[in-house]
Amino acid sequence: MITGRCLPLSLCLLPLLTQSPQAMAEKRVNSWHLLAGFGESHPSWGKTQQRVKTRDLILRHERPQGQVHGKGWYLNRRSMLIEIPLHWLQSHDQPPIFGVTFNACWTLPADQRLQPYLFVGGGPAYTRAEIPGTSSKLKGVYQAGGGLRLNLEQTRLDFEFRFHHISNGGHEEPNDPLNSGKFLIGIRLGI
């Protein structure tokens, strides 16, 4: 049985578990992206008590998980987004939050230039920052979001918004979560 804490991880792994052997055998084109932006937690959004502002830098590795499915506007492509995020708290005396997240992503590639996408996932995070109402250095993250991919001649840009939740999963008290909205702009790297 999947518990509430395991659900985000289960959703991340779903595209990997539902692939046909034929789709897994196809050649995949992996890519690297660098995203930068900002975020802010919102008191009274869920049980969030503190307003915490961050500047964010995320290194993303995209791994396509098979061929394009569907027809017409409903063409979709699944991929796994593996991210290494670094969140600097705008309180300069606080250390950053870093971790790794695994996200399932669905891209709608019907148009070659503008492609919307959705993703959901999560993973562990670590920080020594002392934010009132939170505890534990090891935390968990889950997130969901969407964006618009702009394919240019030489590169690709991503514009996205995500809901970002971070807490310790109830392993220590107090456990006030940080529910944030994050805006990010990314560029495909030539690695």
Candidates PRO116, PRO109 - the one that is closer than 24 Å to ASN179 by Cβ, of a type outside the set (Gly, Ala, Ser) and either part of a strand (DSSP E or B) or at pLDDT below 95 (or both): PRO116
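Scan region 155-176 residue by residue and report those that are of a type in the set (Asp, Glu), modelled with pLDDT under 90 and over 19 Å from HIS42 (Cβ atoms). Write out each step before concluding.
Step one: of region 155-176, the residues of a type in the set (Asp, Glu) are 158, 160, 172-173, 176.
Subsequent filtering for residues that are modelled with pLDDT under 90 retains 172-173, 176.
Within region 155-176, GLU172, GLU173 meet the criteria.
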Number of positions in region 88-98 that are outside any loop (DSSP other than H, G, I, E, B) and out of contact with any His (no Cβ under 9 Å at 6 or more places or on another chain): 2
Any hit, region 113-132, residues being touching a residue at least 24 places away in the same chain (Cβ under 8 Å), more than 19 Å from LEU34 (Cα to Cα), surrounded by 14 or more Cβ atoms within 10 Å (Cβ to Cβ) and of a type in the set (Ser, Thr, Tyr): yes
Identity of the residue in region 138-157, surrounded by 19 or more Cβ atoms within 10 Å (Cβ to Cβ), touching a Phe, Trp or Tyr at 6+ places or on another chain (Cβ under 8 Å) and of a type outside the set (Gly, Ala, Ser), that ends up farthest from ALA36 (Cα to Cα): LYS139
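Could you look through region 51-66, keep only residues that are surrounded by 13 or more Cβ atoms within 10 Å (Cβ to Cβ) and part of a loop (DSSP other than H, G, I, E, B), and pick out the one that is modelled with the lowest pLDDT?
Within region 51-66, the subset surrounded by 13 or more Cβ atoms within 10 Å (Cβ to Cβ) is 52-66.
Still in the list and also part of a loop (DSSP other than H, G, I, E, B): 52, 65-66.
Values: VAL52: 92, GLN65: 86, GLY66: 76.
The selected residue is GLY66.
The values are calculated or read from the model by the stated rules, or taken from the named source; none is laboratory data. Just so it is clear, the model here is predicted, and its values are computed rather than measured. In this analysis, Cβ positions are derived from the backbone assuming ideal geometry, glycine residues included, and neighbour counts consider all displayed protein chains.
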